[in-house]
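Asker: For reference, the structure I am asking about is given below.
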Amino acid sequence: MNQPNPSFGQSDAVSLRDEDASSKVLHDAVMGLWEVVNSLTRLRRSSRQNYRVTIFGSARLAEGTPAYEGVKDLATQLTRLGCDIISGGGPGLMKAANEGASAAAPEALQRSVGIRVDLPFEQEINSFVGQAYAHGTFFSRLHHFMLVSDAFIVVPGGIGSLLELSLAWQLLQVRRLYNVPLIVVGKMWGELVDWGRRNMLQEGSELASEVDFEIPRCVSSVEEAVKLIEESRNAWLAEQDKP
């Protein structure tokens, strides 16, 4: 009967008392996991039934406000057009997006999607979400949005919406996302783009390129946003039909 070799594995064992060596093992293991994640996220379905639009917006604007009713109308029109609607799954304008989607397609609740993050002060996922995902970190949640969206619409929002807008904008700038419309609705986002142009395109000390500021499509109405999505969805459908 073979006896266990007491020296097996001891040559490369790392004591937890050696903090530097333990930290290196942890670092190397995490980096290895990221390589696996990065490889897996390169995979894409060759075809899908519906075009997916993510709507980013404030959790603070309640039902009955003009912004809430506008976002609900936006999501309703896009769902009738043939889009799935994705939101952050929470209250406010996220709820408005999911409510609009479920109103247009009550028989297909899975077309109203919520991707939420666990927070100690965050309310539960809103009641109009038919397909829910939960993340423990903002990082993985943002990555999820970027992977599953065919278009982004940013409506009035705060710091969280600004973070989401900035990530999508930056990934489009460096071509990590392709042919994904980034549509910003309302005066506040138009002013942000104008601010960027004024401060980042100063002659002799440019911090960006003029083309970078053509990435966000600034609109002032639901109708303009729907028209841009319809154009993009038609191009997407043409690609889907190719053998």
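Asker: Could you check how many residues of region 58-110 are at positive phi and either in contact with a Ser or Thr (Cβ under 7 Å, 6 or more places away or on another chain) or among the basic types (Lys, Arg) (or both)?
Answerer: So the count comes out to 1.
Asker: Take the residues of region 184-202 that are outside any helix (DSSP H, G or I) and within 13 Å of Leu162 (Cα to Cα): which is most open to solvent (accessible area, probe 1.4 Å)? Explain how you work it out, then say what you get.
Answerer: Let us first name the residues in region 184-202 that are outside any helix (DSSP H, G or I), namely 184-186, 201-202.
If we keep only those that are within 13 Å of Leu162 (Cα to Cα) too, we end up with 184-185.
On the way: Val184: 2, Val185: 21 Å².
Only one residue tops the list, namely Val185.
Asker: Then there's this: Can you name every residue in region 60-76 that is buried (at least 18 other Cβ atoms within 10 Å of the Cβ) and out of contact with any Phe, Trp or Tyr (no Cβ under 8 Å at 6 or more places or on another chain)?
Answerer: Residues satisfying the conditions are Ala67, Tyr68, Gly70, Val71, Lys72, Leu74, Ala75, Thr76.
Asker: Consider region 96-117. How many of its residues are assigned to a helix (DSSP H, G or I) and either in contact with a helix residue (DSSP H, G or I) (Cβ under 8 Å, 6 or more places away or on another chain) or touching a residue at least 60 places away in the same chain (Cβ under 8 Å) (or both)?
Answerer: 11
Asker: Then there is this: Restricting to region 91-125, what's the tally of residues that are modelled with pLDDT under 95 and surrounded by 24 or more Cβ atoms within 10 Å (Cβ to Cβ)?
Answerer: So the answer is 0.
Asker: Could you give every pair whose Cβ atoms fall below 9 Å, whose first residue belongs to region 174-191 and is among the aromatic types (Phe, Trp, Tyr), and whose second residue is part of a strand (DSSP E or B), counting only separations of at least 6 or pairs across chains?
Answerer: From region 174-191, the pairs are Trp189/Val154; Trp189/Pro216; Trp189/Cys218.
Asker: Assess whether Glu210 counts as being open to solvent by 40 Å² or more (accessible area, probe 1.4 Å) and either under 20 Å from Ala75 (Cβ atoms) or touching a Pro at 6+ places or on another chain (Cβ under 7 Å) (or both).
Answerer: Criteria not met by Glu210.
Asker: Only one of (1) modelled with pLDDT of 90 or more; (2) farther than 30 Å from Leu237 by Cβ; (3) not β-branched (Val, Ile, Thr) is not met by Ala13, so which one is it?
Answerer: (1)
The values are calculated or read from the model by the stated rules, or taken from the named source; none is laboratory data. In this text, all values refer to a predicted model and were calculated from it rather than measured experimentally. Virtual Cβ from ideal backbone geometry, glycine too; neighbours counted across all protein chains shown. The accessibility values were calculated without ligands, DNA or RNA, using every heavy atom of the protein model including side chains. Shrake-Rupley method; radii C 1.70, N 1.55, O 1.52, S 1.80 Å.
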